[in-house]
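Report on the following structure.
The values are calculated or read from the model by the stated rules, or taken from the named source; none is laboratory data. Because the structure is predicted, anything quoted here is derived from the model rather than measured. Here the Cβ is made from the backbone with ideal geometry for all residues, glycine too, and neighbour counts use every protein chain on show. Only protein heavy atoms, including side chains, enter the accessible area calculation; ligands, DNA and RNA are left aside. Shrake-Rupley method; radii C 1.70, N 1.55, O 1.52, S 1.80 Å.
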Protein chains: 4
Amino acid sequence: MADILDEYCERFRNWGKWGLEDEIGTLNYITPEKVIGAARLVKQGKIFSLALPFDANGPQTGRFSRVNPIHQMLATGTDHATGRQSFQGRPFPRGFGYADDTVTMPLQCGTQWDGLSHIFHNGKMWNGADASLVSSDGAARNGIEKMRDKVVTRGVLLDIARAKGVESLEPGYAITTSDLDVAAERERVGIEPGDIVLVRTGFMGYCLAHGWGTYAGGDAPGLSFHTAPWLYEKRIAGIASDTWGVEVRPNELPDSFQPLHLVMVVNMGLLVGEIFALDELAEDCARDGVYEFLFVAPPLPVTGAVGSPINPLAIK
Amino acid sequence: MADILDEYCERFRNWGKWGLEDEIGTLNYITPEKVIGAARLVKQGKIFSLALPFDANGPQTGRFSRVNPIHQMLATGTDHATGRQSFQGRPFPRGFGYADDTVTMPLQCGTQWDGLSHIFHNGKMWNGADASLVSSDGAARNGIEKMRDKVVTRGVLLDIARAKGVESLEPGYAITTSDLDVAAERERVGIEPGDIVLVRTGFMGYCLAHGWGTYAGGDAPGLSFHTAPWLYEKRIAGIASDTWGVEVRPNELPDSFQPLHLVMVVNMGLLVGEIFALDELAEDCARDGVYEFLFVAPPLPVTGAVGSPINPLAIK
Amino acid sequence: MADILDEYCERFRNWGKWGLEDEIGTLNYITPEKVIGAARLVKQGKIFSLALPFDANGPQTGRFSRVNPIHQMLATGTDHATGRQSFQGRPFPRGFGYADDTVTMPLQCGTQWDGLSHIFHNGKMWNGADASLVSSDGAARNGIEKMRDKVVTRGVLLDIARAKGVESLEPGYAITTSDLDVAAERERVGIEPGDIVLVRTGFMGYCLAHGWGTYAGGDAPGLSFHTAPWLYEKRIAGIASDTWGVEVRPNELPDSFQPLHLVMVVNMGLLVGEIFALDELAEDCARDGVYEFLFVAPPLPVTGAVGSPINPLAIK
Amino acid sequence: MADILDEYCERFRNWGKWGLEDEIGTLNYITPEKVIGAARLVKQGKIFSLALPFDANGPQTGRFSRVNPIHQMLATGTDHATGRQSFQGRPFPRGFGYADDTVTMPLQCGTQWDGLSHIFHNGKMWNGADASLVSSDGAARNGIEKMRDKVVTRGVLLDIARAKGVESLEPGYAITTSDLDVAAERERVGIEPGDIVLVRTGFMGYCLAHGWGTYAGGDAPGLSFHTAPWLYEKRIAGIASDTWGVEVRPNELPDSFQPLHLVMVVNMGLLVGEIFALDELAEDCARDGVYEFLFVAPPLPVTGAVGSPINPLAIK
C-alpha cells in the first residue's frame, strides 16, 4: 500500500519536464532574466563566503567512509630555505623557490552540492535514469559537471533560528512550511521561482562552539518531510542548510532514511546544498535587514562526480 | 650587479602597502564600489565557466609531482542496483540508495589560483614573510583561504590570439605591453584598477585539438617579463591566462625560472590564474563585442593551501 | 558452441576442492611440511628482493586508472632544520624532530599479487562466489587479507630468456609448456606441488633499459594460454612473472582479454604475481646454479582488497 | 649541563661503525650465517602474520596527521554484474570482468617499520646525516628502500605481559632491563646478536577488546628509557612491540618526547617496529614453549620513504 513517501515521490516528480535528456533539474528555473535580476541585488559591495574551512577540523568521523580533507604539501618553503629545492638536478636559479600541495577529500565532506546522481530510489535517479549508470567510472548521467555554468541566481536566507529567537534549533526539530513562511514574512522577503533558499538552523554554529558531536549523520534539526510541497510549488532552483543533511534527523517517516532526499533529489531534481556556513551572513542580514542577494556557487567540474565541494558566495 | 630582475622586484614591490599583516595583496584593489560596478555589467544573463574539466584527461604529466585529478567512488549505483549497499549492517529501507566519491589532486593541477604563498624569492614570500612559514603543515601566512571572500570584480578578456588573427600564439611568443594595449583598444575596453584581466593566447584550445604535448611546463606563449610595469601600473587585482604558467616559456631572462612570478607574486602580491579555459567566452565576446563582465572565482578555502582549483565564472 | 576457453575453465576448475568456504585456492597446496622443506633451502644466507621500487618512475600510464605510487611527506627534516616543527603548539623538546609520509597507490600498480577477487567470469569469481560481493565496500569474499599468513614456500625460478639465450623474449612471444620444461631441465630443478614458480621473460629489464613503452597493458611476452594444463597438473601454489600480466599479449584466443586469467584466477584459484623484478636473482642463479629457494611474499592485509603490493624475498 | 639523554646519545652512538655511507644501521648485525641459522628454526611449518588489518578500524585518530588506511575501489564486481564495465568503449569480451583498488595511507599508520630517516636530533639523523636531506622530495639518505633485502633473521618473542601474569601491562608501565631478562629466562631463550626482539605488552589486545582510546600517541606501557644499554649491548638488529611507540608513555625524562627514539633510531641505528599484532603468536609460543623463529618482514621499497607498512611473518 502506497504511503506518503510514495505519494510525494510521484506527485512532485519532474521527470521529463525539461526533456528526457535533462541533467540539471530545477536549475532550469534560472533564466537569463533571473540572473540579471539577481545581479541587481548587489548594492553594497559586500561579499560573504559560506564555506566551512576545508581542513582536518571538519565534522567528518569516517562514517559513510567520509573523512575530513587531507591537505599535503608537494614542496615547501622549508625546503627552499634549507637549499633542498631543485629543478632537473640543479638548484633553481636566481633564488627562485615554490610551494605546492595536494588535497585528498570526499567531494561531500564539507560545504557541498549534492549532484543529481548522488541519490537513488528503487534503481533510478533523476529524470528516470538507471542508477547503474553511476559505476566505479563515475556518473555517466547527471554528473555534477553538467551544472558548471548554472549556479548564479538570487539567494534568500531564511533564518529560522533567529526567527524563533534561539541560538540553534534542537536536534530532531522538524522545520515546517509555516516556519519557512513566518521567517520570510519576518524578513520581508518573498520566495520566487529560480531562487536558491538558504535555511539557517544555527546548528553549525552550535557545533563549532561546543564540538561536532554527531553533526555528521546524527540527530539534527532540519526540514520536515512535509515541506516537500512547499519546495515543489515555489519552483525554487535549490535549497541549502547549515546541517549535514538538510532534512531533520531522526527522520520522521518510520523505517526510512533521508526520505525527503528521495523526493527532492531523485524526483524533483532539486539542487541540495549541505554544511553551509551561514552565521556571518545571518549576522549581516540581521543588521541591515536585507535577506536577498546575488548568490554564486559553481561546483568544481570534476567529470562524473556525484557532488562537489564549493565556496558559495552571497554578494549584497 | 643588479639586473632587471632585481630592479623590477624592487621597483614593483608592494610590501607594506596594505599593512604589514596583509595576506591578500592586490585583491585590496577590489573595493565595495568595484563590486557594485562589476555586478552592473550583468546585462544578458549569460554565464560562462572558465574551468577545464577536472579529470584524468588534464595536461599534467607528473612533472613537478603534479598529476591529473584522481576521481574515485566510495559508493555507486551499481552497488545499489545489485543490492550490495547497506547501512549499519542492513539494506537501506524503502529502496534508498546513494553514490559518493572522492578526489585526490594537486591543488594547482587544473584551472587554478596561485596563492601568495606559492612562490618564494631568496627566502621570502609576499609582504616579506619568511618562506619557512610554509612547512609540511601548510602556509601559516598567505594561505589561499585568506582570499575566500575576495574574488568578485570586473573581468576583462584580452583576446591576443584573435587580435593577431591566429588560432594560437606560438610557443615562445612573448606578449608585449603593446599587444595588451592593442587588444584592449580593438575590443574598445579599458583596464581599470581592481580588474582581473584574462589573457587569451589560444594555446589551450590548440592543445585540446592537437594533444597536450609539453603544455605543462614546456614551451608556451605568455606574458613577456617586460609587461611587469603594465601589470603594476594598471593596479589590476589579478591576471590569468589559458596556459600553464601565464608567462612566456622559455623564459626570457638568461638563467632564470618563471622570473615574472618573482615580480608578480612575491613582490607585487598579484593574484595569478592559470589553465583557464577561455575559448567559449572568447567566442561569445567576439560575437557580441562585449569584453567586460562580472567575474566571480572564489578559491576553495583549504586551510593553509598555497593554491586552489577553481571554476571561475564570467557573467555577462 | 563451447571452445577451448570454456573447456579449460571447466576442466581446470578447483571450486569446492578445499571446501565451499575456501578463499585461498592453490595456497592450500602449501603444507607445513612444504614450509619446513622450503626453509631448508636456505644454505648461503643470501636474500633477494624481487620488488620494483615503488615510485613515480614505475610503468603505469593511467591506463585502467592505474597511476604510479604517489609518495608525499607529512613532516620533513627541512621543517625540523628551520625550526618549524611543533607539537601541541610548542617546539618539540630536546632537539627532537621527525619525518612522516604517506602513499596513495593502486594496490596493483607495482610488484603485486592478484587477489582471488581480482578477476570475474560471467558474474562469478573464485570458488563460485558472486562477483557482486566485490562492491565499493571492497571484497566481502576472497579478499587478499585471507592470504596474510600463507605465502611461504619453495620458489623456483624458470629463466626462459636465459634458456633461450636472449636478453628478453619478444613482445607477443607465447611461452609454451615445452619452454617451461626445457628451462627446468636446463636448471636441473623440478617443479613440485606447492611451489611458487617465477617465470623470467627479461622484458622488465629490457624496459628499464629502453623505456617502459607499452609495458603496462600493451604487447608483451608471457605464458601461452595453452600452459593452463601444466599450471593445473603441477599443483603449484602460485605463478609470477616480470611482466604486467603474466600471460602473452596480444592474447592468443580471438576476441578475448587475458583469457588465461579466467582459467587461473577464477577457476583454478591460482595465486598470480606480476611486475616481479627478477634480474638480480636470475644473475645469481646463473652464477651458482641454484634455482630453488625459500620464497616469502606476504601481502599487506588491506581488508577487502583485491590485490596487494609486495616485496617478495627469495632466500638462498 | 649534559644529562642522561645526552650521555646515552653519545655512549650508544654507532655512527661510522659500518662506514660513513651506511644507511641500514644495526641490520648490519644480520650476517649470512645468521640468516642460515634463522631458517633452521623452521621445524613445524607454522606461519604467523603479525600485522594488524589495514583498514578504517585502525588506531589512528588524525593526531600527527595520521589517519587510518583509506581503501577505495577503481573497479568492482557490481559494475561487472550490471554490465557497466568496459574496455576501450566496448564491453570486455567473453564474460571477462575485474576489480581493482587503491589505498591512501600514512606509511606508519599501522604495523610498520620506522625508517632511519624517521627521527632527527638537533638537525641530524642516523650516521650523522643532515636532517634537511629529508625534504618534500623524500629521504635522500636513510630511505626505507635501503632495507629492502635485509630483514630476515631470528626473531624472539619476549612476552612481558605473560611473564607478569597480566592481560596487559598498564599504560605508563616502564619495562625494565630486568623485565626483559626475566621473560627471556622464563622462556628459556637467549638474545643473540642480529636478533629482532618482539616485546609483547598485551596493550594492543586490550585495546582491541576495549576500544583504541589513546592508543595512538597517548599513555601506554613500553620500554623504559633505561633499557638503552641493553638494546645496545645485545647488538640486536631490531626491536618491535605491540604499541604505538615502543617506549613507555608518558615519557620518563622530564620535558622530553620519545627520548629513547633519539638514542635507538638516530644514534644506535636500530630498526624499530610498532603496532605489531603479537597475540596469536604469543598464544602459540605459550603452548609449544618455542619463543624463537624465522622472522621475515621486508619493507615495501617506497623510494625515499621514512617508514613502511609491513606484514611481518614469524615462521616456526
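Which pairs in the list C:Lys150/D:Lys124; C:Lys17/C:Lys43; C:Lys146/D:Lys43; A:Lys17/C:Lys124; B:Lys46/B:Lys124 are over 32 Å apart, alpha-carbon to alpha-carbon?
C:Lys150/D:Lys124; C:Lys17/C:Lys43; A:Lys17/C:Lys124; B:Lys46/B:Lys124
Karplus couplings for the stretch C:192-201 from phi (6.51 cos²θ - 1.76 cosθ + 1.60, θ = phi - 60°), rounded to Hz, Gly and Pro as x?
10, x, x, 5, 10, 9, 9, 9, 9, 9
Give the separation of the Cα centroids, the stretch C:302-316 to the stretch D:233-293, in Å.
Their Cα centres are 24 Å away from one another.
Computed over the Cα atoms of the protein assembly as shown, what is the convex hull's projected area averaged over all directions, in nm²?
In nm², the orientation-averaged hull projection of the protein assembly as shown is 48.3.
Report ³J(HN,Hα) in whole Hz for each residue of the stretch D:140-150, in order, from the Karplus equation J = 6.51 cos²θ - 1.76 cosθ + 1.60 where θ = phi - 60°; Gly and Pro get x.
Working through the residues one at a time gives 6, 9, 6, x, 4, 5, 5, 9, 4, 10, 10 Hz.
First select every other residue whose beta carbon is under 15 angstrom from the beta carbon of B:Cys109; then total the charges, Lys and Arg +1, Asp and Glu -1.
Residues near B:Cys109 contribute -3 overall.
Just which residues of the stretch D:281-310 lose 50 Å² or more accessible area with every protein chain there, against their chain alone, with the probe set to 1.4 Å?
SASA drop of 50 Å² or more in the stretch D:281-310: D:Pro298, D:Leu300, D:Pro301, D:Val302, D:Thr303.
Measuring from a point 7 Å out along Cα→Cβ, what nm distances, shortest first, does A:Gly62 have to its partners in the other copies?
Nearest to farthest, the other copies are at 1.2, 3.3, 3.3 nm.
Which of rounded, prolate, oblate describes the stretch C:236-313, given a ≥ b ≥ c as roots of the alpha-carbon gyration tensor eigenvalues and a/c under 1.5 marking rounded, otherwise prolate only if a/b is larger than b/c?
Since a/c reaches 1.5 but b/c is at least a/b, the shape of the stretch C:236-313 is classed as oblate.
For a Förster distance of 41 Å, can you work out the FRET efficiency between the beta-carbons of A:Ser86 and C:Glu252, rounded to the nearest 0.05?
Efficiency computed from Cβ-Cβ geometry: 0.30.
In Å² (nearest 100), what accessible area is buried between A and B, both sides summed, heavy protein atoms only, 1.4 Å probe?
7500 Å²
Among B:Phe48, B:Ala286, B:Ser224, which residue has its Cα positioned farthest towards the positive end of the charge dipole of chain B, with +1 placed on the Cβ of Lys and Arg, -1 on the Cβ of Asp and Glu, and the dipole taken about the Cα centre?
Projecting each Cα onto the dipole axis, the largest value belongs to B:Phe48.
Where the Cα atoms of the stretch C:175-259 are projected onto their three principal axes, how long is each span, largest first, in whole Å?
Cα extents, longest axis first: 35, 32, 20 Å.
Can you give the FRET efficiency to the nearest 0.05 for B:Asp181 and A:Glu192, using r as the Cβ-Cβ distance and R₀ = 60 Å?
0.85
If each label sits 7 angstrom from Cα along the C-beta direction, how far apart, in nm, is C:Arg90 from its counterparts in the other copies?
4.7, 5.1, 6.9
Quick one: accessible area per residue over the stretch C:5-63, 1.4 Å probe, rounded to a whole number of Å²?
46 Å²
Quick check on the stretch A:164-316: take the gyration tensor over C-alpha atoms, sort the square-rooted eigenvalues as a ≥ b ≥ c, and tell me if it's rounded (a/c under 1.5), prolate or oblate.
rounded
Provide, in order from the shortest bin, the percent of all Cα-Cα pairs of the stretch C:172-214 in each 5 Å bin, continuing until the bin that contains the maximum pair distance.
Percent of pairs per bin, in order: 5, 17, 22, 21, 14, 13, 7, 1.
Taking each pair of different alpha-carbon atoms in the stretch D:83-199 once, compute 1/r for the pair, average those values, and report the inverse of that mean as the Kirkwood hydrodynamic radius in Å to one decimal.
The Cα-based Kirkwood calculation yields 19.4 Å.
Can you give the relative contact order of chain A as a percent, counting alpha carbon pairs under 8 Å and 6+ residues apart?
Answer for chain A is 30 percent.
Filter the trypsin sites (Lys or Arg not before Pro) in the stretch D:148-204 to those in DSSP coil with at most 13 other Cβ atoms within 10 Å of their Cβ, and list the result.
Of the trypsin sites (Lys or Arg not before Pro), the ones in loops of the stretch D:148-204 whose Cβ has at most 13 other Cβ atoms within 10 Å are D:Arg188.
Once the dipole of chain B is set up with Lys and Arg at +1 and Asp and Glu at -1 on Cβ about the Cα centre, which of B:Thr31, B:Pro171, B:Leu74 lies farthest towards its positive end?
So the residue we want is B:Leu74.
Quick check: convex hull of the Cα atoms in chain B, volume per residue, rounded to a whole Å³?
With only Cα atoms used, chain B gives 170 Å³ per residue.
Based on the alpha carbons, how large is the Rg to Rh ratio for the stretch D:1-121 when Rh follows Kirkwood?
1.17
Rounded to the nearest 5, what % of the DSSP beta bridges within chain D are antiparallel ones?
65 percent
From the convex hull of the Cα coordinates of the stretch B:229-276, what is the mean projected area in square nanometres?
3.4 nm²
Name the long-range amide H neighbours of C:Phe276: under 5 Å, sequence gap of 5 or more, or other chain; modelled H, no Pro or chain starts.
C:Ser241, C:Asp242, C:Thr243
Convert each backbone phi in the stretch B:112-127 into a coupling constant with the Karplus relation 6.51 cos²θ - 1.76 cosθ + 1.60 (shift: θ = phi - 60°), then list the ³J(HN,Hα) values in order as whole Hz, x for Gly and Pro.
After applying 6.51 cos²θ - 1.76 cosθ + 1.60, I find 7, 9, 6, x, 6, 9, 7, 10, 10, 9, 6, x, 10, 10, 3, 6 Hz.
Where the label is 7 Å out from Cα toward Cβ, how close does B:Trp212 come to the same position in every other copy, in nm, shortest first?
For B:Trp212, the other copies' label points sit at 1.4, 3.2, 3.5 nm, shortest first.
I'd like the accessible area for A:Leu281: 1.4 Å probe, protein heavy atoms, all chains in place, Å² to the nearest 10.
The accessible area comes out at roughly 0 Å².
Going 7 Å from the Cα of C:Thr61 toward and past its Cβ, which residues in the stretch C:160-177 have a backbone nitrogen under 20 Å from where you end up?
C:169-173
What is the distance in Å between the Cα centroid of the stretch A:145-164 and that of the stretch B:53-127?
If you average the Cα positions of each part, the centres end up 24 Å apart.
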